[in-house]
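Visitor: Sending over a structure as structure tokens; questions will come in a sec.
The values are calculated or read from the model by the stated rules, or taken from the named source; none is laboratory data. As the structure is a prediction and not an experimental result, all values here were calculated from the model. Here the Cβ is made from the backbone with ideal geometry for all residues, glycine too, and neighbour counts use every protein chain on show. Side chains included, ligands, DNA and RNA excluded: accessible areas come from the protein's heavy atoms. Shrake-Rupley method; radii C 1.70, N 1.55, O 1.52, S 1.80 Å.
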Amino acid sequence: MFCIFLISGIECDAQTELSTVEIERIIEEIFQNQDQDVNYEEVYEILLLYLSSPININEATVDDLESIYVLNNRQVQALLEYRKQQGPIISKYELQVIPGFDKNTIRRLLPFIKIGKGSQRSSMKRLWNRILQEPNNYLLLRYERTLERRKGFKAPDNERSSRYIGNADKLYSRFRTSRNKDFSFGFTAEKDAGESITFNKKQIGFDFASYHLQIQDKGRIRNLIIGDFQLQYGQGLIFGSGFNIGKGAETITTTRRISIGALPYTSVTETGFFRGALSAVQVGENLTATLMVSSLSQDGNIIDNNDSDGPFIRTVQSSGLHRTPNELENRNSFKERNAGANIEYKNKNIEVGLNYLKTQFSIPIIRVNSIANANRFTGNSNSAGSIYGQFRKFNYVLFTEIARSASGGNSGIIGLVSNLNRNLEASILARKYDNNFHSFYSSGFSESTRNMGEEGIYTGLKYSFNQKLILTTFFDGFRFTGVRSNISRPSVGFEYLSRLTYRPNKKALFYVQFRHQSKADNIAGESLNQGIKRADNAEKSNYLINLDYEISPIVSIKSRIQGSYQMFDGNFSDGFALVQDINLNYRNWRLSSRIALFDTDNFDNSQYIYERDVLYAFSIPSLNGRGIRNYLVLRFKASQKLDFWMKYSRSSFIDRKIVGSGLEEIDDNKRTVLRIQSRIRF
């Protein structure tokens, strides 16, 4: 149970379950980026870990408090100062007297914290006993299938036609037992539709398997991981993990990256992580040193012309799909080896660190000689290092990271986040990434997905008129200094967003949002000379109006209107979507449903809308064309140890008779997906 503020004060709601609903709200309301299918799984993983193993509010560090993405800098500092002056917090009701803690903040914070005087770990003598007695462990089993038959699963038209080697079932399993700041052990296995379950030298069982064993805070060892892991230090220019949330309606807290260090990797994205061993050791009172080694097989098409230079590959393939003979032949075709280190000094107000990462490929990467590849990495070895820092003073946080790669390219970020007064928060960030800067695991703040060939300045504001009415806005001006895959010359652009949010009470949430972007793009089919295409700036605007309302403790609704319009190369196009959700929550049953009508002129006006899904699955589909998108998610809690989920979703189109292309082509005007999942706790 947890307590929430009402207009008249605080009330304990005995019927409220500490569930994943609050995590879904945080992701949907704060982190949603209107036009990008962002990977939220890492954020979700951290929040769910805190949900199942809440942070002791009396022992939480600054990084702990910031990593749940609920408190701003002023609130974090107010909590730490309150603890210093008043001593340990003894009740959740006490949070209301901390300066800056309003009812909405406390409502969202409570699921992730607990009130305690000491670590529960101290009462358990052995790690094995703690693992056996840990309530936060589960086995997740998931089945998924597209009900319409795709071309890849049909009989071939002729002997030269390619088809998928496996069946249409997508299978997923996951086991994990963990306690925050203590230990974690788990594995994940997945077979995509079209892949096969095989036992040979290259594959044992499922197509992809991930595993990890983590021990934390054992003597001088702050963190020890064997298996798959990811790293985030500084502002993400060397070790960026997957926490690139990007620009969105939360204009302040997502600007600055948090040095959360090393975390187990539990996603099924088959690239972008390390596989090996890591050890973080405390070498001084405020000094920690981290060393890591990794060896991971990667996919790529090996080309061997029988010349003196030997075999090479054009690019690392990151889809993780191995459904056809060609895809299977490229599976695990070469090795990527990494060795890295971090040294970090951290006290109450200062954080300073050094990063270094060296990457070696067993087969060199040699790109096709083209304008788009002019600045991309070529070779079999790369190294990069950085220095980063963070300084806190009063309600200000100054942060920076400067990096350099072996190619001679430099990159840098500097920013400031501040609570100017009790109502106004501000952020400003400048970045500059050279064309020849190469860092394969970077995820610094940027407009594009790669931290290279870009510079810009971002400013964000958040103004709280009162506890009910909040305005957030940002402006980002950027310049691409080199060529890119979709633009064959340097270009400039800008983007701005404003959202007005009104929460009259705990049952209702209303917001309106407008976003505009100006960004250059090539004009298809029109080349000038030497492969350089004519380009123009696409002026695109997005708008949305959203209402969430809790009719009763059982029934809630969400209504949304959103759309976009674009002017590009003298042509106007637009698109929109009308969305209606109905959610039911009764005893052990939870039902989420949606119907969405959409009409778009082209792919550039596709509508992206976050959908609820089964636990640990995410869906932000691209609604393109004319049609209807609907889904139904059902959760049944059979007991404290057993949960079931089912999601049925369908996209139906009235402007086409064929959905998809290539081997994913469906000879029908609809695509239906069924997903079934169970979670077993031990």
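Visitor: Can you tell me the dipole magnitude for the range 110-268 around its Cα centre, using point charges on the Cβ only (Lys, Arg +1; Asp, Glu -1), in Debye to the nearest 20?
Guide: 580 debye
Visitor: Another question, if that's okay. Do the sum for the chain: with -39,500 (n - 2.57) for every DSSP H run of n ≥ 4, divided by all residues, what is the mean residue ellipticity at 222 nm, to the nearest 500 deg cm²/dmol?
Guide: Details: 7 runs with 56 residues, N = 682.
It comes out at -2000 deg cm²/dmol, rounded to the nearest 500.
Visitor: Work out how far the C-alpha atoms of the range 130-282 reach from end to end along every principal axis, then list the three figures in whole Å, largest first.
Guide: Cα spread of the range 130-282 along its principal axes, largest to smallest: 63, 42, 29 Å.
Visitor: Looking at this model, which pairs from 462/519; 191/540; 191/218; 247/468; 114/432 are more than 32 angstrom apart at the alpha-carbon?
Guide: Values: 462/519 25 Å; 191/540 38 Å; 191/218 36 Å; 247/468 23 Å; 114/432 41 Å.
Result: 191/540; 191/218; 114/432 exceed 32 Å.
Visitor: Report the Rg/Rh value for the range 184-244, based on alpha-carbon coordinates and the Kirkwood definition of Rh.
Guide: Value, to two decimals: 1.11.
Visitor: With every protein chain left in place, what is the accessible area of residue 352 in Å² (1.4 Å probe, nearest 10)?
Guide: Spelled out: residue 352, probe radius 1.4 Å, area about 60 Å².
Visitor: Toward the positive end of the charge dipole of the range 520-654, about the Cα centre and with charges on Cβ (Lys, Arg +1; Asp, Glu -1), which of 561, 649, 627 goes farthest?
Guide: 649
Visitor: With a Cα-only, solvent-free Debye model of the range 223-303, what are the log10 I(q)/I(0) values at q = 0.14, 0.22 Å⁻¹?
Guide: -0.58, -1.08
Visitor: Turning to a different aspect of this structure: With all protein chains present, calculate the accessible area of residue 592 using a 1.4 Å probe and round the result to the nearest 10 Å².
Guide: Rounded to the nearest 10, the figure is 10 Å².
Visitor: A further question on this structure: At q = 0.10, 0.11, 0.18 Å⁻¹, what is the log10 ratio I(q)/I(0) for the range 267-384, with the Debye formula run over Cα points and no solvent?
Guide: With one equal scatterer per Cα and no solvent, log10 I(q)/I(0) is -0.44, -0.51, -1.00.
Visitor: Among 375, 488, 226, whose Cα projects farthest towards the positive end of the dipole of the chain, with charges put on the beta-carbon of Lys, Arg (+1) and Asp, Glu (-1)?
Guide: Value: 226.
Visitor: Could you give the dipole magnitude of the range 392-544 about its Cα centre, charging the beta-carbon of Lys and Arg +1 and that of Asp and Glu -1, in debye to the nearest 20?
Guide: Rounded to the nearest 20 debye, it is 720 debye.
Visitor: Continuing with the same structure: Taking every eigenvalue of the Cα gyration tensor of the range 552-595, multiplying by 5 and rooting it, what semi-axes result, largest first, whole Å? Before the final figure, lay out each step's value.
Guide: Details: eigenvalues 278, 12, 6 Å².
Ellipsoid semi-axes (Å, largest first): 37, 8, 5.
Visitor: Take the Cα atoms of the range 60-149, find their three principal axes, and give me the spread along each one in whole Å, biggest first.
Guide: Computed over the range 60-149, the largest-to-smallest principal extents equal 62, 43, 22 Å.
Visitor: With Cα extents along the principal axes in Å defined as stated, name the option among (1) 79, 73, 59; (2) 91, 67, 58; (3) 73, 57, 52 computed from the structure displayed.
Guide: (3)
Visitor: With a 1.4 Å probe and every protein chain kept in, tell me what percent of the accessible surface of the range 236-336 is carbon plus sulfur.
Guide: Exposed carbon and sulfur together represent 49 percent of the surface.
Visitor: Something else about it: A 18 angstrom limit on the alpha carbon distance is what I want to check against. Which of 92/346; 507/558; 170/202 exceed it? Walk me through the numbers on the way to the answer.
Guide: Values: 92/346 29 Å; 507/558 12 Å; 170/202 20 Å.
Over 18 Å apart, Cα to Cα: 92/346; 170/202.
Visitor: Let me ask another. What is the ratio of the Cα radius of gyration of the range 436-545 to 2.2 N^0.38 Å, where N is its residue count, to two decimals?
Guide: Normalised Rg, Cα atoms only: 1.40.
Visitor: Using the heavy atoms of the protein chains and a 1.4 angstrom probe, tell me the accessible area per residue for the range 563-669 in square angstrom.
Guide: 48 Å²
Visitor: While we're on this one: With 12 Å as the cut-off, how large is the P(r) tail for the range 312-358, expressed as percent of Cα-Cα pairs? The partial results should precede the final answer.
Guide: Working: 808 of 1081 pairs.
Of the Cα pairs, 75 percent sit more than 12 Å apart.
Visitor: If you take the charge dipole of the chain about its Cα centre, with +1 on Lys and Arg Cβ and -1 on Asp and Glu Cβ, which of 412, 500, 54 is farthest toward its positive end?
Guide: Toward the positive end, the furthest listed residue is 54.
Visitor: Considering only protein heavy atoms, what is the solvent-accessible area of residue 589 at a probe of 1.4 Å, reported in Å² to the nearest 10?
Guide: Here the accessible area works out near 120 Å².
Visitor: Something else now. Assigning unit charges at the beta carbon (Lys, Arg +1; Asp, Glu -1) and nothing else, what dipole magnitude in debye, to the nearest 20, does the range 85-182 show about its Cα centre?
Guide: 180 debye
Visitor: Pairs of Cα atoms under 8 Å, at least six residues apart: use those to get the relative contact order of the chain, whole percent.
Guide: 10 percent
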